[in-house]
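All remarks here apply to the structure that follows.
The values are calculated or read from the model by the stated rules, or taken from the named source; none is laboratory data. Small disclaimer: the values here were computed from a predicted structure and weren't measured. For neighbour counting, all protein chains shown are included, and Cβ atoms are generated from backbone atoms with ideal geometry for every residue, glycine included.
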């Protein structure tokens, strides 16, 4: 639990997907953002909000889950609700970093899946995300190096620095 109160160890929530219907002999097709893909035995970061019927995903249909590494980082805190806000963000970013670094290096000419974590780390940490991107500057593949460089330039161009966050809104 990163923020809020779920009232227990298990959180049940509603998420939405597209309804697939076969039409004729052509089957079905979809062209759009990737849909949620929850799989048993995997760990995910999911952003939820309280609704009248209970918990539901904050971003319906797509982009609702970030797959995490199979196990939490060594020494991480399971219940972050009592931790200071800065530590919560750090722990969450560490989870995303571990997941990104656990992915295989992409072949030349490919960006790879690790860069899918880059926007989330930036959104969570802002200027504190610099060490995360610096790790990818030494990637053997030029594409992740270029992506990391782009995110670092964004941090520099916005003059973001790593400091204690003030009042934060719910995520």
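Within segment 105-122, can you find the residues that are outside any helix (DSSP H, G or I) and either modelled with pLDDT of 85 or more or in contact with a helix residue (DSSP H, G or I) (Cβ under 9 Å, 6 or more places away or on another chain) (or both)? Break it down stepwise before answering.
Pass one, segment 105-122, residues outside any helix (DSSP H, G or I): 105-113.
Result: 105, 106, 108, 109, 110, 111, 112, 113.
Any residue in segment 153-171 that is crowded, with 16+ Cβ neighbours inside 10 Å, within 28 Å of residue 42 (Cβ to Cβ) and in contact with a helix residue (DSSP H, G or I) (Cβ under 9 Å, 6 or more places away or on another chain)? Steps first, please.
Narrowing segment 153-171 to residues crowded, with 16+ Cβ neighbours inside 10 Å: 155, 160.
Narrowing the set further to residues that are within 28 Å of residue 42 (Cβ to Cβ) leaves none.
Within segment 153-171, none of the residues are crowded, with 16+ Cβ neighbours inside 10 Å, within 28 Å of residue 42 (Cβ to Cβ) and in contact with a helix residue (DSSP H, G or I) (Cβ under 9 Å, 6 or more places away or on another chain).
Among the candidates 93, 83, 70, 51, single out the residue that is modelled with pLDDT of 65 or more, in contact with a helix residue (DSSP H, G or I) (Cβ under 9 Å, 6 or more places away or on another chain) and surrounded by fewer than 14 Cβ atoms within 10 Å (Cβ to Cβ). Talk me through it step by step, then tell me what you get.
Details: 93 fails: surrounded by fewer than 14 Cβ atoms within 10 Å (Cβ to Cβ); 83 fails: surrounded by fewer than 14 Cβ atoms within 10 Å (Cβ to Cβ); 51 fails: in contact with a helix residue (DSSP H, G or I) (Cβ under 9 Å, 6 or more places away or on another chain).
So the residue among 93, 83, 70, 51 that is modelled with pLDDT of 65 or more, in contact with a helix residue (DSSP H, G or I) (Cβ under 9 Å, 6 or more places away or on another chain) and surrounded by fewer than 14 Cβ atoms within 10 Å (Cβ to Cβ) is 70.
Contact list please: Cβ distance under 7 Å, first residue in segment 105-120 and on the phi > 0 side of the Ramachandran plot, second residue surrounded by 12 or more Cβ atoms within 10 Å (Cβ to Cβ), pairs at least six apart or on different chains.
Going by the 7 Å Cβ cut-off, the qualifying pairs are 112/103; 112/105; 112/106; 112/141; 112/143; 112/144.
What number of residues in segment 131-162 are under 19 Å from residue 88 (Cβ atoms) and at pLDDT 90 or above?
Summing the residues that are under 19 Å from residue 88 (Cβ atoms) and at pLDDT 90 or above in segment 131-162 gives 1.
What tally of residues in segment 25-48 results from selecting those that are at pLDDT below 75 and more than 24 Å from residue 94 (Cβ to Cβ)?
11
Restricting to segment 131-140, give me the number of residues that are assigned to a helix (DSSP H, G or I) and buried (at least 17 other Cβ atoms within 10 Å of the Cβ).
3
Conditions first: (1) touching a helix residue (DSSP H, G or I) at 6+ places or on another chain (Cβ under 6 Å); (2) at pLDDT 85 or above; (3) in a helix (DSSP H, G or I). Residue 125 passes all but one, so which condition is the exception?
(2)
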